[in-house]
Amino acid sequence: MAILNVTPDSFSDGGRIKNARQAIDAGLRMAEAGAAIIDIGGESTRPGAAPVAVDEELRRVMPVVEGLSRRGVPVSIDTRKARVMAEALAAGASMLNDVSALTYDPESLEVAAGSSATIVLMHMQGTPETMQEAPAYADVVAEVRAFLDSRVAACVAAGIAESRLVRDPGIGFGKTLDHNLALLRNLPALGSPLLLGASRKALIGRLTGADVHSRLPGSLALALHAARHGAAWVRVHDVAETAQALAVWAACHPASLGPH
Ligand code: PT1
């Protein structure tokens, strides 16, 4: 899964049309580089980020969802809002990626149930604005597992086939370094299928001192770690580099991935 952020800070200048065109080009390049799906997001959910109004989020993401879908590129919509989900689905998105696991918007479960999309259910403690202030758990692995189980159960009760659901521990979402490491050391305990999003995240900086622009090696290590422990998906910025790392790794692990 390739990350395609369509937020003001992710584009230099120019109008919305120019930015949409740049984003579509970036998405096409990531698909060519080996991404199975492009995850389009118009509301940052990194630590400290403020919410975005629904109309603004739609203005950011819809031209890109439409542009990539029209060109046959599989699209995932990274949103917490039911209306953004519904419009992206209507334009051709085939995956819903919700960092709130369909808890933020009371209408999102119904939108998801009315679609045939694959749905990513992610764990977060708190909200993006404040989640890193004082994350606390008695047993982070058990609590994340229980939350994911409860969201899977809510989706199944709403009529969504369990085969459409993907679990995500939410690396960096209301977690200290130790919480993130406990989850990474216990991925199989979280259930399956699993998606891991750790690309360029702060834990790599905490472990190595690398700043956000120098975290490709750590990101590759985390992608390979996730694959080794059975993750079905990795959400990454650096598609070509990750695809190469996974292809070489898969050739050495014939049972795990790839055509061998
Ligand atoms: C993720 C994810 C996401 N991450 C899914 N969607 C972000 N399913 C956005 C940091 O610690 O992991 N899974 N959508 C980006 N959010 C963050 C969070 C970015 C923490 C950076 C950090 O640096």
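The values are calculated or read from the model by the stated rules, or taken from the named source; none is laboratory data. The structure presented is a predicted model; accordingly, all values stated were derived computationally and were not measured. Note that we place each Cβ from the backbone using ideal geometry, even for glycine, and neighbour counts take in every protein chain shown. For accessibility, only protein heavy atoms count, side chains too; no ligands or nucleic acids. Shrake-Rupley method; radii C 1.70, N 1.55, O 1.52, S 1.80 Å.
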When residues of the range 22-73 are limited to those that are open to solvent by 60 Å² or more (accessible area, probe 1.4 Å) and within 16 Å of residue 97 (Cβ to Cβ), the one nearest to the ligand (Cβ to nearest atom): 46
Just one of 87, 107 is surrounded by fewer than 19 Cβ atoms within 10 Å (Cβ to Cβ) and either away from the ligand (no atom under 16 Å from the Cβ) or within 21 Å of residue 194 (Cβ to Cβ) (or both); which is it? 107
Given the conditions (1) open to solvent by 30 Å² or more (accessible area, probe 1.4 Å); (2) within 18 Å of the chain's Cα centre (by Cα); (3) closer than 30 Å to residue 162 by Cβ, every one holds for residue 187 apart from (1)
Listed by first then second residue, the pairs whose first member lies in the range 211-227 and is touching a residue at least 40 places away in the same chain (Cβ under 8 Å), whose partner is open to solvent by 70 Å² or more (accessible area, probe 1.4 Å) and among the polar types (S, T, N, Q), with beta carbons under 9 Å and at least 6 positions apart or on separate chains, are none
Residues of the range 114-141 being surrounded by fewer than 16 Cβ atoms within 10 Å (Cβ to Cβ) and over 27 Å from residue 187 (Cβ atoms), which ones? 114, 116, 129
Which of (1) over 20 Å from the mean Cα position of the chain (by Cα); (2) assigned to a loop (DSSP other than H, G, I, E, B) does residue 131 not meet, given it meets every other one? (1)
Let me spell it out: the conditions are (1) near the ligand (Cβ under 8 Å from one of its atoms); (2) in contact with a His (Cβ under 6 Å, 6 or more places away or on another chain), and residue 197 meets all of them except one. Which number is the exception? (2)
Name the helices (runs of 4 or more DSSP H) wholly within the range 182-260 that hold at least 1 residues that are aromatic (Phe, Trp, Tyr)? 239-252
Residue selected from the range 204-226 under the condition among the β-branched types (Val, Ile, Thr) and surrounded by fewer than 20 Cβ atoms within 10 Å (Cβ to Cβ), by the criterion nearest to the ligand (Cβ to nearest atom): 212
With the requirement that a residue be in a loop (DSSP other than H, G, I, E, B) and of a type outside the set (D, E, K, R), what does the range 84-106 give you? 91, 92, 93, 94, 99, 100, 101, 102, 103, 104, 106
When residues of the range 90-100 are limited to those that are surrounded by fewer than 18 Cβ atoms within 10 Å (Cβ to Cβ) and on the phi < 0 side of the Ramachandran plot, the one farthest from the chain's Cα centre (by Cα): 90
Would you point out which residue out of 25, 9 is in a helix (DSSP H, G or I), among the acidic types (Asp, Glu) and at pLDDT 95 or above? 25
Residue hits (the range 162-178; more than 11 Å from the ligand (Cβ to nearest atom) and more than 16 Å from the chain's Cα centre (by Cα)) are 162, 163, 178
